[in-house]
1. Which part of the range A:49-75 falls in the paramagnetic zone of residue A:41, meaning amide N under 13 Å from the point 7 Å along Cα-to-beta-carbon?
2. Just name one of A:142, B:156, A:124: the one whose Cα is farthest towards the positive end of the charge dipole of the protein assembly as shown (beta-carbon charges, Lys/Arg +1, Asp/Glu -1).
3. What are the extents of the Cα atoms of the range B:95-211 along their three principal axes, listed from largest to smallest and rounded to whole Å?
4. Within the set of other residues whose C-beta is less than 11 Å from the C-beta of residue B:43, count the net charge using Lys and Arg as +1 and Asp and Glu as -1.
5. Kirkwood Rh, Cα Rg: Rg to Rh for the range B:53-143?
6. Rounded to the nearest Å, what's the spacing between the alpha carbon centres of the range B:38-78 and the range A:81-132? Just the number, please.
7. Counting only protein heavy atoms and rolling a 1.4 Å probe, how much accessible area do A and B lose on contact, total for both sides, in Å² to 100?
8. What is the helix-to-structure angle for A:158-179, meaning the angle in degrees between its Cα long axis and the longest Cα principal axis of chain A, kept from 0 to 90 and rounded to the nearest 10?
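The values are calculated or read from the model by the stated rules, or taken from the named source; none is laboratory data. Remember, predicted model here, so these are calculated numbers, not experimental data. Ideal geometry is used to build each Cβ from the backbone, glycine not excepted, and the neighbour counts take in all protein chains shown. Heads up: the accessible areas ignore ligands, DNA and RNA and are worked out on the full protein's heavy atoms, side chains in. Shrake-Rupley method; radii C 1.70, N 1.55, O 1.52, S 1.80 Å.
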Number of protein chains: 2
Amino acid sequence: MGRPPTNTKLRLLETAHELIWRNSYGAVSVDGICEKANVKKGSFYHYFPSKADLAIASIDWWMTNTIPFLDDIFSPSRHPMDRFTLLIDFIYEKQEDMRIEFGQVCGCPFITLGSELAAQDEIIGAKISAITQQKMNYYENALRDMIAMGLIDENTDVKLKAEEIYAFITGNMMLARIKNDLKFMKKSLKPSLMNLIGVDLTPADLKKLTI
Amino acid sequence: MGRPPTNTKLRLLETAHELIWRNSYGAVSVDGICEKANVKKGSFYHYFPSKADLAIASIDWWMTNTIPFLDDIFSPSRHPMDRFTLLIDFIYEKQEDMRIEFGQVCGCPFITLGSELAAQDEIIGAKISAITQQKMNYYENALRDMIAMGLIDENTDVKLKAEEIYAFITGNMMLARIKNDLKFMKKSLKPSLMNLIGVDLTPADLKKLTI
DNA sequence: TAGGTATTTGACTAAACAGTCAAATAAAGA
DNA sequence: TCTTTATTTGACTGTTTAGTCAAATACCTA
């Protein structure tokens, strides 16, 4: 009974996510989101109590969308080194797509938003921290498999190493956004990451890791 | 002849820098900066043509302030490993000071602002990219000394390694800001960085690198 | 077809926003 | 003391902002 649900809420989530990712939270207005999503302001506030709530919801929605991809990339059926190289491919391809479509390398939406708002809104800080932890769990899992396979030093502190990996990838995405340039990510991120992880590769193997 | 200069412009630069660093560009208003700096709005626009111009000027001013510290830390008279450990000390102490004073780990002001505005304003993107390069030059210089001293592999690509170092430190500062937490930076950043650089250290030496 | 309910609409507010300007003021030098 | 010049002031504008609300609408079910 009653009027059936529409895709309005989803359109707002998608639009907000895209605009905030491409620009910033502060540079995007509720009016701007509504216009792009073809939604009237009254509808906006029917679905979301505030602009900040939409931002948080859009982050949740994007992470929920991302998990199946991470589950695929970090499938235990894959060789653990392939998981990391596939992760970099996945990241690079998305960044390159956006650069082509919007003329702008956009970096990581979670980190960009978190950096902007963490100091003002501790809910968003906690949310992004949780996502960070969630991603590091995939890394830890893969690192343990690498130890089991004798690919890296068995004394590796996997929690620490996972944090290093996350910080390294994050830093590179941030710099790619600021420079609006994917050269480093394309040419060097994979071999640099393998070196950070502590995998021993021949120079010939390293060369193959350019995207 | 004429009325002598005052410190009004400097007060605006300092205040803008602090407020934008602690919060974000979008969350800070011209009115807010003026109030905190005890400057009337008319004076603001006497010194700066726009809010964006002030932000750029405050970044320049902060980098100019920072250079003497970097020159000291990266003095060729120091052992190159000490340069990097001192750099981490320098970063950590500033972050800890701000955490105590403002209750917030603030991260890197250049990167935070760059990440927020790079997509909207390419002048600021270019400015932050230049600062990034400037910092990496210090790293490269130290890395070359490390090669000369036989501390790291003589085939190390110093340009690449400097980029890795910068991305790694940047990523860690960003995560510290988002989590509002300096634990990783205090406990693990130094040894992780040494490992990334490729210095061979005994476990005992590594332990000493906690701040 | 009537009743119930979620959705949509557009006009509305009040505050905050960046930016303007002419006039007032303070100090140094002639 | 008068001129010159940089600085300061405060009142002003027009726009954009997030958020409100009562009424209208669409559609499902009984």
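1. Hits in the range A:49-75 for residue A:41 at 13 Å: A:51.
2. A:124
3. Extents along the principal axes, in whole Å: 44, 32, 17.
4. Values: positive: B:9, B:11, B:40, B:41; negative: none.
Once all neighbours under 11 Å are counted, the net charge is +4.
5. Values: Rg = 14.3 Å, Rh = 14.3 Å.
My calculation puts Rg/Rh at 1.00.
6. 29
7. Working: alone 11440 and 11430 Å², together 19820 Å².
What A and B bury together is about 3100 Å².
8. Roughly 60 degrees between the two axes.
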